[in-house]
Amino acid sequence: SGTNVLRFVKFSASIRCPKCKYSTTSSTLDSNKFHFCSLCNMMVDLEVPNNDITKNHKLVKSGISLKSPQKLKTSEFWEIRSVYCGSTFLVIETSSPNRLFLWGTIDGFKFQGCVSNPDNVHFKNVSCGGSHLAVISSRGELYTCGLGSKGQLGYKWKVNMGYTTLRKVPLNGSIVKVCCGYSSTACLMSNGSIMCFGSNMKMSSSGIMSLSDSVNDFIDAPTNIMESVRFVDLSHSPLKNVFCAKTEDCKVFVWGKSKSAIPQVLFEVSELEEALADLPYTYSGASQVKDTEVQLSVHSACLATGTLFGNKSFSDLTLKLADGEFPVHRLVLHSNSSYFREILSDNMASDVLDMTSYNPTAYKCLLKYFYRLPLDELNCEDLFDLHSIACSYKEKELVDFTFKKLKTMINQDTVLKLHAKATSTNAEDVLRECELFLSSPEFKNDLISFVSQDMKNAIAILRMKSGE
């Protein structure tokens, strides 16, 4: 008596169709898992809000309760700068005061408090792994804490050293970027080298480091992964020991995805996001996004919905376009388009929607946007039609992107076509840009030069002016 015993219950629940309540079947396409109701011929979201079976599981006996997200109460004096997540814990960084607060579990121990910072370093960058965290100081030094049993802290660690005290990692030179894998760490140095430590690495008797496919192999001292190569950027897949880096000559190397003992160069990709497209990936913020065009194409690279585009597998809706029928998926359109969300919310909605009034090339590009795929390069007329559809569907991000693109395409060869389209559809924003181009000194000078080169052109313009 007097002893608290925690009992853990493992259970599985079938995903039921929210429409007919029958069990769905699980299928895999290109390593992505989907649930499909054969009775209703539709895809089902994995998080079905009305799934009675899931809600009726009784977990009271085990002392476990399902809770919705709760607001975390913090001190009114905290000025929260950012939040980082590990496998079973989160870290809150505050700028006033400059501290790290840790909530959650590491190595079976529960923590809720401030991370000890004996050197009183100012935090410049933070990264969380499975059970550890790394901090770059304002002076470019690296500090780590947490579980270090696999060498992921960069120094020899014992349990009596604790889990919440930041200790300096012995490195020569300053750190530019740090990425924490599940049980490993990689650092981009200011000289372009990459230092690694943690699991899935081993050191030979001759002192040569090589990669390993076993988490039981590890090194606890920072080691240069490719001494003869200089890198400019580093990234990783969260909570996995998979890293990739970009060289000065734009080659992308990846390690941790295969059983290779050395990092592999990916000739078919040029950006880090592409190298991690088939893995979970965390985007580090708008500071790395050059413009909207890059954001639209890069953001989409890792989403599973892209594998369904134009694919009849699991298709439960057909769009009739001017150039033929196109298979789509209600769940994708419902999730990513307010226009389709309104249409598909009606249970009586048809399985075939007529979209023949739209430019099919532009409309397929719109669908790529909904499926989070890179957009096609369109000519000015198709791009204008895409802009018009985006306006009518109230897709602000796509409206801004297409308008910005159209502005760059206005020239002597396209201005009349775009002006005519803008006039016929009352697209005031595009019409205004066309008129600005037509009234520009550069265009007027080109027009005068054109007229002066041919007497017939000059006479024709004079006749137009006199009304003949």
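Throughout, read-outs are computed from the coordinates displayed, never taken from laboratory work. Given the structure is predicted, the values throughout are model-derived calculations rather than measurements. We place every Cβ from the backbone using ideal geometry, glycine too, and count neighbours over all the protein chains shown.
Across the range 302-444, the mean sequence separation of Cα contacts (distance under 8 Å, 6 or more residues apart), normalised by length, yields a relative contact order of 18 percent.
For the range 80-288, rounded, prolate or oblate, judged on the Cα gyration tensor with a ≥ b ≥ c (square roots of eigenvalues), a/c < 1.5 rounded, else prolate if a/b > b/c? Prolate, since a/c reaches 1.5 and a/b exceeds b/c. Peptide packing for 255-268, 191-204 was compared via the average number of neighbouring C-beta atoms within 10 Å per residue; ordered from the highest value, the list is 191-204, 255-268.
Distance from the alpha carbon centroid of the range 226-270 to that of the range 370-424 works out to 37 angstrom. I need to check one value: relative contact order of the range 177-255, counting alpha carbon pairs closer than 8 Å and at least 6 residues apart, in percent. It comes to 30 percent, rounded to a whole number.
A Förster distance of 41 Å, applied to the separation of the beta-carbon atoms of Ser149 and Ser335, puts the FRET efficiency at 0.50. With the cut-off at 18 Å, tell me which of the pairs Lys177/Lys259; Lys110/Lys150; Lys202/Lys259 have Cα atoms farther apart than that. Pairs exceeding 18 Å: Lys177/Lys259; Lys110/Lys150. When you restrict to C-alpha pairs under 8 Å that are six or more residues apart and normalise by the size of the range 80-288, the relative contact order lands at 13 percent.
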